[in-house]
Amino acid sequence: MRKPLGQGQQAPDALQQSEERFRLLVAHALDAVITIDLQGLITSWNPQAERLFGWAQQEVLGRLLSETIVPPAYREAHERGLAHFRATGEGAVLNRRIELTALHRNGTEFPVELAITPMQWGKTTVFSAFLRDISDRKRTEQILRESEASFRLLFANNPLPMWVYDVATMDFLEVNAVAVAHYGYSREEFLRMRISDIRPPEDVLKLKEVVTGLAMGMNHAGIWRHRLKDGRIRDVDIMSHSIEFAGRRAALAVAMDVTELRQTQASLARSTERLQILHEIDRAMIAAEAPVTIAEAVLPRLRDLLGVPRAIVNLFDLATGEVEWLAAAGRRRIRVGPGVRFPLALMGDVEALRRGELQVIDVASLPRGPDAAALLASGVLTYMVVPMIAGGELIGAVSFGGASSEFPPEQVSIAREAATQLAIALEQARLRERVQRHTDELEQRVQERTLELSAANEKLQREVAERLRAEAEAARANHAKSDFLSRMSHELRTPLNAILGFAQLLEFDAQRPEDRESVDQIVKGGRHLLSLINEILDIARIEAGRLPLSPEPVRVGDSIQRVLDLARPLAVARSIELESTGEALHSQHVWADHQRLQQVLLNLVSNAIKYNREGGRLTVACHPVAEGRLRISVTDTGPGISPALRERLFQPFDRLGAEQQGVEGTGLGLALSKRLVEAMSGVIGLDSAPGKGSTFWVEFLQAESPVDRLARTEPSPATLASPAERDGTVLYIEDNLSNLRLVERTIALRPGVKLIPAMLGRLGLALAHQHRPDLVLLDLHLPDISGDHVLRELQEDPELRRTPVVILSADATPGQVQRLLAAGARAYLTKPLDVRQFLTLLDETLSASEAPDD
Ligand code: ADP
């Protein structure tokens, strides 16, 4: 521009043309273009200037430039420069690009770049100024400056070692202070080195590959080993960025020393693994796994953790001096399961192991053999044996080893921990297995036993059924037998009565002694047969449970007296002295059937006479026994009975050889007596010393006498007095003296009433005819005929038919009561007698009989 303006002397139209061109140029220029004169007044102002400073052209033309766009602070300098130019024609700021601060109309200041050029415009000099706003550029420059500064700051003060190196040559280009401090080289030493110089040689090849990548603009991150100046090798986490540095392809590397971190991580991983292994053992223990399974689960991990090629879990068999592999883990294989056994000697000092001490075994020191060879083959030159102790017992060992005989403390402590835990788990598992085996065995036994039992049970059931059937059969047979016997005895008794009757008649007619003798034999034989039949019948009835018994209080003295009376003639015949002792007890009562008690005593007494010596003695005694029982004993002075024979004593038909001595008998007396006594809840027994006689005894429960009972239960006879006195006669047919006495006493309360006693049925009937009683009291068990029989005869007798009959019986079975009432009895009173009830009945009956009904 200077050139066309500089050539001022041109033709006027050419000038005009050039001015026009300049005007257009200025008008469309990208920069603000302003011209001023020498006084500093604005002479032109293009549209860019309008935009840049906020002033319109017409507003600024003729204004001082300094007052329009120069900030007040620089105005004086501007004016001074202008004055200097006017004076000298020179200006420091002319014809070059300078940067200044300009003022906008709105008062804001902003940086501009301008070039001021003096121009000769005709005769005058003008200055043209080209201005452009450089705010943006300034800002960018500022930012750049700042970022560079912060980068420098970052690099220099970064707490991590950093460096820049040339990716082509691997030369260090820059290092920061931390790198210098950390690696031990000075900055100058670094800058003389290449990055490969701080690596172990073996890593350099790999380094080159990475650097090639960085040369192609790729970034890199990775862990490397760096060598410090002092030779230590460190693990370093490197991040490299491809950058331009001083016009070279370079890489910026940030290095973080992670040696400690990695060590910590590794030890953390190891301790995690250790815990995992212990946990694994626990888990297996809780899951109740088999010893092999537990060992198998743990061993490979344990071996890896210990960092040895080989680890084995061994179980000791101390009894055989052998070791059994439970599980073993080698570098490439794991062998599981029992089977392999080797000598305990391979485990070192067993006593020391027992004490919990570790053993280190050098394979070379072992005796040569397949075991040592196998160990060497699997790379084990030395191994450590860690004892497994559970509950104070050495149960096995964990052994591990390899080439090195160094067993670092951490390794040992891990092995110890695992061995302790394994010992517990294995012991538990073994216990569980034992318990399981036991349980299985037990179950098996229970099953077998159950089978046996059910078989036995079935057998028993079959036997019970069989027994029941047999019993039923026996009962049926028994029944048939007693039926047969009773029928037979009845059938035999009828002709026997005829035989005996007619024989007695013949006795009167027989004149000749031999005839008398014959008849005597017939009578004797007949009587024998009769007693035989009666006794057989009784036994049969008892065995069939069909012997009617009527237990009631029986006065002991009455029974003894009666029996002695009956036996006296027989005793006299044999000159035997009869004696009775303990008479103080004769007033006592026992609970028995009165007739049957007499039958038993009579049997004992007659035996004592029969088997006594001529002129001997017989004593009937009475004495109390414990628990409210009375004993009646019959003692003789006969030959006695040897203990050997006693068992046979109560067997029917067994006469113990008496039949050869000509003593009469059936061999049934004692057998029947025993059955009778027992049927009355009594006991029969014998005390005998051979040669000194025998004592047979019977024992019964004591009973209260009916009279005592009356006195006890009916305190005042006055209360039993009759409202109206009645007269009358009562016939009482009863053979039990106690009962007779009771009724006697009771009737004594009615002075107008007379009692006639009868101890036999037939006698009773005869007395009834004779006295025509107002009331007959009838017992059912009578020595001659039964009470039933007496009632029937009374009923059938037209004269006695209307006489009221009251049954007094110990037998209170409802069937019996019904039967007798149906047979015509007026009432049925049971023993023990209710005196009040009896008196009421007596009063009613007597007053009814007094009534004028006949
Ligand atoms: P019987 O007297 O009819 O033979 P028992 O049953 O009464 O039958 O007695 C069985 C046997 O016991 C008798 O045969 C006799 O040998 C023996 N015996 C019974 N009582 C006595 C006794 N007081 N002294 C010796 N022997 C006796």
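Of everything in the range 646-660 that's without any contact (Cβ under 8 Å) to a residue 24 or more places away in the chain and within 8 Å of the ligand (Cβ to nearest atom), which residue is farthest from ILE576 (Cα to Cα)?
Checked the range 646-660; the qualifying residue farthest from ILE576 (Cα to Cα) is ASP654.
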Please work out if LEU602 is of a type in the set (A, V, I, L, M, F, W, C), closer than 23 Å to MET680 by Cβ and surrounded by fewer than 24 Cβ atoms within 10 Å (Cβ to Cβ).
yes
Quickly run through the range 269-283 and pick out the residues that are of a type in the set (A, V, I, L, M) and either exposed (fewer than 14 other Cβ atoms within 10 Å of the Cβ) or at positive phi (or both).
ALA269, LEU275
Tell me which residues, restricted to the range 615-645, are surrounded by 15 or more Cβ atoms within 10 Å (Cβ to Cβ) and either within 7 Å of the ligand (Cβ to nearest atom) or of a type in the set (Val, Ile, Thr) (or both).
THR619, VAL620, ILE632, VAL634, THR635, ASP636, THR637, GLY638, PRO639, GLY640, ILE641
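Quick check on my filter: what residues within the range 284-302 are in a helix (DSSP H, G or I) and surrounded by fewer than 22 Cβ atoms within 10 Å (Cβ to Cβ)? Break it down into steps so the answer makes sense when it comes.
Pass one, the range 284-302, residues in a helix (DSSP H, G or I): 284-286, 291-302.
Those that are in a helix (DSSP H, G or I) and surrounded by fewer than 22 Cβ atoms within 10 Å (Cβ to Cβ): MET285, ILE286, VAL292, THR293, GLU296, ALA297, PRO300, ARG301.
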Filtered residues of the range 13-38 (kept if part of a loop (DSSP other than H, G, I, E, B) and surrounded by 13 or more Cβ atoms within 10 Å (Cβ to Cβ))
ALA29, ASP31, ASP37, LEU38
Being at pLDDT below 80 and closer than 23 Å to VAL556 by Cα is the filter here; which residues of the range 713-758 pass it?
THR713
Flag for LEU749 being of a type outside the set (Phe, Trp, Tyr) and open to solvent by 40 Å² or more (accessible area, probe 1.4 Å)
yes
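Could you go through the range 248-268 and let me know if any residue there is open to solvent by 60 Å² or more (accessible area, probe 1.4 Å) and either of a type in the set (Gly, Ala, Ser) or within 23 Å of ALA397 (Cα to Cα) (or both). Before you say what the answer is, go through the steps one by one.
Looking only at the range 248-268, we keep the residues that are open to solvent by 60 Å² or more (accessible area, probe 1.4 Å), and these are 248-249, 256, 260-265, 268.
Subset that is either of a type in the set (Gly, Ala, Ser) or within 23 Å of ALA397 (Cα to Cα) (or both): none.
There is no residue in the range 248-268 that is open to solvent by 60 Å² or more (accessible area, probe 1.4 Å) and either of a type in the set (Gly, Ala, Ser) or within 23 Å of ALA397 (Cα to Cα) (or both).
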Could you list, in sequence order, the residues of the range 49-99 that are open to solvent by 70 Å² or more (accessible area, probe 1.4 Å), over 21 Å from VAL26 (Cβ atoms) and part of a loop (DSSP other than H, G, I, E, B)?
GLU90, ALA92
Kindly check whether there is at least one residue in the range 105-128 that is in contact with a helix residue (DSSP H, G or I) (Cβ under 8 Å, 6 or more places away or on another chain), touching a residue at least 12 places away in the same chain (Cβ under 8 Å) and among the basic types (Lys, Arg).
yes
Please go through the range 450-481 and give me each residue that is open to solvent by less than 80 Å² (accessible area, probe 1.4 Å) and closer than 17 Å to GLU543 by Cβ, ordered by number.
ALA470, ALA472, ALA474, ALA475, ALA477, ASN478, ALA480
Pairs, please: C-beta under 6 Å, at least 6 apart or cross-chain, first residue within 11 Å of PHE127 (Cβ to Cβ) and in the range 33-55, second of a type in the set (Asp, Glu)?
THR43/ASP37
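Considering ILE238, ILE233, which residue is modelled with pLDDT of 90 or more and either surrounded by fewer than 14 Cβ atoms within 10 Å (Cβ to Cβ) or in contact with a Ser or Thr (Cβ under 7 Å, 6 or more places away or on another chain) (or both)? Please lay out each step first, then the result.
Values: ILE238 fails: either surrounded by fewer than 14 Cβ atoms within 10 Å (Cβ to Cβ) or in contact with a Ser or Thr (Cβ under 7 Å, 6 or more places away or on another chain) (or both).
Answer to the selection: ILE233.
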For the range 687-708, enumerate the residues that are surrounded by 16 or more Cβ atoms within 10 Å (Cβ to Cβ) and either modelled with pLDDT of 95 or more or more than 28 Å from PRO773 (Cα to Cα) (or both).
SER688, GLY693, SER694, THR695, PHE696, TRP697, VAL698, GLU699, PHE700, LEU701, GLN702, ALA703
What's the number of the condition ILE609 fails, among (1) under 60 Å from the mean Cα position of the chain (by Cα); (2) under 27 Å from ASP558 (Cβ atoms); (3) within 16 Å of the ligand (Cβ to nearest atom)?
(1)
ASP593 is checked against (1) away from the ligand (no atom under 16 Å from the Cβ); (2) open to solvent by 20 Å² or more (accessible area, probe 1.4 Å); (3) under 21 Å from LEU676 (Cα atoms); (4) of a type in the set (Asp, Glu) and fails just one. What number does that condition carry?
(2)
Consider SER681 against the criteria (1) in contact with a Gly (Cβ under 9 Å, 6 or more places away or on another chain); (2) of a type in the set (Ser, Thr, Tyr); (3) more than 8 Å from the ligand (Cβ to nearest atom): it satisfies all of them except one. Which criterion is unmet?
(1)
Counted residues in the range 218-230 being open to solvent by 40 Å² or more (accessible area, probe 1.4 Å), within 17 Å of ARG194 (Cα to Cα) and assigned to a strand (DSSP E or B) come to 2
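For the range 789-823, name all the residues that are closer than 15 Å to ARG762 by Cα and either buried (at least 17 other Cβ atoms within 10 Å of the Cβ) or in contact (Cβ under 8 Å) with a residue 40 or more places away in the chain (or both). Let's see the steps before the verdict.
First pass over the range 789-823, keeping only residues closer than 15 Å to ARG762 by Cα: 789-797, 800.
Scanning the range 789-823 gives VAL790, LEU791, LEU794, LEU800.
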Name every residue in the range 756-788 that is under 17 Å from SER849 (Cα atoms) and open to solvent by less than 60 Å² (accessible area, probe 1.4 Å), in order of residue number.
ALA768, PRO773, ASP774, LEU775, VAL776, LEU777
Before we move on, is THR695 more than 16 Å from the ligand (Cβ to nearest atom) and hydroxyl-bearing (Ser, Thr, Tyr)?
no
Residue list for the range 661-677, restricted to those being more than 8 Å from the ligand (Cβ to nearest atom) and either buried (at least 17 other Cβ atoms within 10 Å of the Cβ) or at pLDDT 95 or above (or both)
LYS674, ARG675, LEU676, VAL677
Please specify each residue of the range 362-408 satisfying the condition of being open to solvent by less than 20 Å² (accessible area, probe 1.4 Å), without any contact (Cβ under 8 Å) to a residue 60 or more places away in the chain and of a type in the set (Ser, Thr, Tyr).
THR382
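The values are calculated or read from the model by the stated rules, or taken from the named source; none is laboratory data. Fair warning: this is a prediction, and the values are worked out from it, not measured in the lab. Reconstructed Cβ throughout: ideal geometry from the backbone, glycine too, with neighbour counts over all protein chains shown. Keep in mind that these areas ignore ligands, DNA and RNA; they rest on the heavy atoms of the full protein, side chains included. Shrake-Rupley method; radii C 1.70, N 1.55, O 1.52, S 1.80 Å.
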